[in-house]
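Chemist: After the structure tokens below, expect a handful of questions from me.
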Amino acid sequence: MFEILKRQEMANGTVVRNDISAPKIAAKAKPGQFVILRANETGERIPLTMADSDPERGIITIIYQVVGKSTALFKSLQVGEKFQDIIGPLGQPTHLEKLGKVVCVGGGTGVAVLHPITRGLKETGNHVYAVIGARSKDLLILEDEMKKASHELFVCTDDGSYGHHGFVTDVLKDILEREDIKLVVGIGPVPMMKFLCKVTEEYGVKTLVSLNAIMVDGTGMCGCCRVTVGNETRFACVDGPEFDGHKVDFDELSQRLNAYKEQEKQSYERYLKECRMG
């Protein structure tokens with residue numbers, strides 16, 4: 001079992017950070033990889049990309065948004081309590097190399113996934129511009145961490161309550177106009193990644209995205225995480241989670257995720273009803 005060593009509620013309590021004791025996973029974890037967690041013996045298996053890892057202390061960090069029954073169960077776990085299972089590291093790590101000037105763009109909880117990648121690109125010798133966004137200031141996460149992980153940080157909010165009033169793609173366009181960017185990494189909600197890729201395609205800049213496809217086993221056996229990339233079926237758990245954003249069929253991905261989210265919403269409503277009755 002895996003003990004929670006530190007717990008922090010973020011973004012008005014809708015997002016939770018856990019630092020978890022997992023020495024064997026931390027020893028091998030690399031930026032871009034994920035783990036699959038289960039709260040208890042009857043719990044659902046939830047894939048989450050690691051927001052950080054510390055091999056010396058044997059700690060991994062996960063950050064998740066509470067959106068359904070399983071993540072609500074995760075949130076109920078306090079410091080000193082334990083996750084039943086964590087397997088990983090899974091997936092292909094981010095390929096880090098010195099390219100020159102790069103831009104890392106994150107939206108919502110995607111910033112958590114982006115953090116170790118941003119830091120890794122900086123440590124590899126790149127000049128890193130980071131752009132993060134949320135609907136409002138109180139929903140922003142990891143601003144200080146992203147500032148340390150990059151050379152220049154730009155913050156955006158949809159409602160203008162903090163930083164640039166507008167979308168992350170507005171700032172991205174400005175950077176692409178004035179700088180010779182070799183790579184863009186975009187992680188966040190599917191609509192954000194889709195639009196971001198349309199922007200970078202206009203400038204001919206290579207773009208990587210991390211896909212939050214539905215997963216069950218995490219080994220490529222079940223096929224639930226299949227995505228279409230370059231007109232070919234790929235599996236996010238073993239071939240990804242990162243892919244060439246200009247080749248991803250985002251419309252298909254959205255359809256699959258929306259179907260699952262409706263089922264998860266119904267399950268969560270039943271869970272809340274049971275809690276009130278109990």
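Just so you know, all these numbers are worked out from the coordinates, no wet-lab data involved. Predicted model only: the values in this text are computed from it and were never measured. Positions of Cβ are generated from backbone atoms using ideal geometry, with glycine treated the same way; all protein chains shown enter the neighbour counts.
Chemist: With a sphere of radius 9 Å drawn around the Cβ of Arg38, what net charge do the other residues whose Cβ falls strictly inside it have (Lys, Arg +1; Asp, Glu -1)?
Modeler: So the environment of Arg38 carries a net charge of -2.
Chemist: With a sphere of radius 10 Å drawn around the Cβ of Val216, what net charge do the other residues whose Cβ falls strictly inside it have (Lys, Arg +1; Asp, Glu -1)? Numbers along the way, then the final one.
Modeler: On the way: positive: Arg45; negative: Glu44, Asp217.
Taking every other residue near Val216 into account, the sum is -1.
Chemist: Could you tell me which residue out of Leu176, Ile87, Phe34 lies farthest along the dipole of the chain toward its positive end? Charges go on the beta carbon: Lys and Arg +1, Asp and Glu -1, centred on the Cα centre.
Modeler: Ile87
Chemist: Give me a comma-separated list of calculated 3J(HN,Hα) values for segment 182-193, in order, Karplus coefficients 6.51, -1.76, 1.60 applied at θ = phi - 60°, integers in Hz, x for any Gly or Pro.
Modeler: After applying 6.51 cos²θ - 1.76 cosθ + 1.60, I find 9, 7, 10, 10, x, 9, x, x, 4, x, 5, 5 Hz.
Chemist: Any chance you could check the Cα centroid distance between segment 161-188 and segment 22-82 for me, in angstrom?
Modeler: 30
Chemist: Another one. Assuming R0 = 30 Å, what is the FRET efficiency of Asp217 and Ser136, from their Cβ-Cβ distance, to the nearest 0.05?
Modeler: For R0 = 30 Å, the calculated efficiency reads 0.20.
Chemist: Go ahead and set up a Gaussian network model of the chain, Cα springs under 10 Å, then flag whichever of Leu73, Leu114, Leu140 fluctuates most.
Modeler: Leu73
Chemist: Select from segment 137-172 those GluC sites (Glu not before Pro) which occupy a DSSP coil region and have at most 16 other Cβ atoms within 10 Å, ordered by residue number.
Modeler: Those that pass, being in a loop and sparsely packed, number zero.
Chemist: Arrange the following residues from fewest to most other Cβ atoms within 10 Å of their Cβ: Asp19, Asp54, Asp180.
Modeler: Placing the least packed residue first, the sequence is Asp180, Asp54, Asp19.
Chemist: Mind giving me the FRET efficiency for Lys98 and His164? R0 is 25 Å, r the Cβ-Cβ distance, nearest 0.05 is fine.
Modeler: Computed FRET efficiency for Lys98 and His164 comes out at 0.30.
Chemist: Sorting Met221, Met215 on the 10 Å Cβ count, fewest up front, what's the list?
Modeler: Lowest to highest Cβ neighbour count: Met221, Met215.
Chemist: Here's a follow-up. Among rounded, prolate and oblate, which fits segment 131-175 when a ≥ b ≥ c are the square roots of the eigenvalues of its C-alpha gyration tensor, a/c under 1.5 means rounded, and a/b larger than b/c means prolate? Don't jump to the answer; show the numbers that get you there.
Modeler: Numbers: a/c = 2.52, a/b = 1.13, b/c = 2.23.
Oblate shape, in that a/c is at least 1.5 and b/c is the bigger or equal ratio.
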